[in-house]
Amino acid sequence: MYNEDAMIRLFRQRVVPTGLVDIMQRAAGVKKGAPELTKIAKGMKAQADLSALNPQTIDKLARLEFALQQFVAEKGLSAVGIQCWTAIQEVYGLSPCYVMGRLTDSGVMASCEVDIYGALTMLIQYRASLSKVAPHFIDWTIQHQKLADTLLAWHCGNAPPSLACKGCKAGCQLPQYPWSVPGHRPVHGHRRI
């Protein structure tokens, strides 16, 4: 939850809501073999090990990235909060984490779970680094059981690929969601894609 009115009044922030349907329609509307998709997919393959993904999944990732880039450019946005868990998996059949990390690396902060305050925090961190260091959005931190000055950080995988160690290549795989496993019966409103 966030107070959009207070953000507008106090900080002159502009929040532009949209639904997943709009983004999914944009992604589906890109012509197969479009140069933009080819360029994005080529960049993804150069940056990360996508060997666990089939060509259709890579195409869907590229489409999602293009659709989000297009929306951000049209609306003049600096950051986005994306309804990522579990909505995109259920509707689109994949996790947007890698795309979100790539957006953050490109200067468009992408936070999870429509966390507008998280997106703003990322934007502040990014601007504080003079737009040179992409921040990582971590929403769960747990104090280490034995080391007082250490915490365990967790998130699903939306870290900017630029944060991988020097000489390392980020990895990307298609997780098995309960609703995507053949033979699994949907529960709690989940459906197989």
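Before moving on, here are some points about what is shown:
- Contact order for the chain, expressed relative to its length and based on alpha carbon pairs under 8 Å spaced 6+ residues apart, stands at 21 percent.
- Antiparallel DSSP beta bridges within the stretch 67-176, as percent of all bridges there, nearest 5: 50
- Each residue of the chain gets 172 Å³ once the volume of the Cα convex hull is shared out per residue.
- Ordering of 54-61, 146-153, 108-115, 72-79 by packing [mean C-beta count within 10 Å, highest first]: 108-115, 54-61, 72-79, 146-153
- Here the extension length gained between V16 and R127 equals 37.9 nm, from 0.36 nm per residue of separation less the Cα-Cα distance.
- Distance (nanometres) between label positions extended 7 Å along Cα→Cβ at L77 and K32: 2.9
- Separation of alpha-carbon centers, the stretch 1-46 and the stretch 59-122, rounded to whole Å: 6
- Net charge, S162 excluded, C-beta distance under 15 Å - Lys, Arg +1, Asp, Glu -1: +3
- Projected label points at I142 and L163, each 7 Å from Cα along the beta carbon direction, are separated by 1.8 nanometres.
- Value at 222 nm in deg cm²/dmol, rounded to 500, when DSSP H runs of n ≥ 4 in the chain each add -39,500 (n - 2.57): -12500 deg cm²/dmol
- Stokes-Einstein D in µm²/s, Kirkwood radius over Cα pairs - the stretch 17-93 at 25 °C with 0.890 mPa s viscosity: 186
- Taking the chain as the region of interest, the number of lysine pairs whose Cα atoms are within less than 15 Å, with members eight or more places apart or on different chains, is 9.
Values in this text are rule-based calculations from the coordinates and carry no lab data. None of these values were measured; they are calculated from a predicted model. A quick note on method: Cβ atoms are made from the backbone with ideal geometry, for glycine too, and the neighbour counts reach across all protein chains shown.
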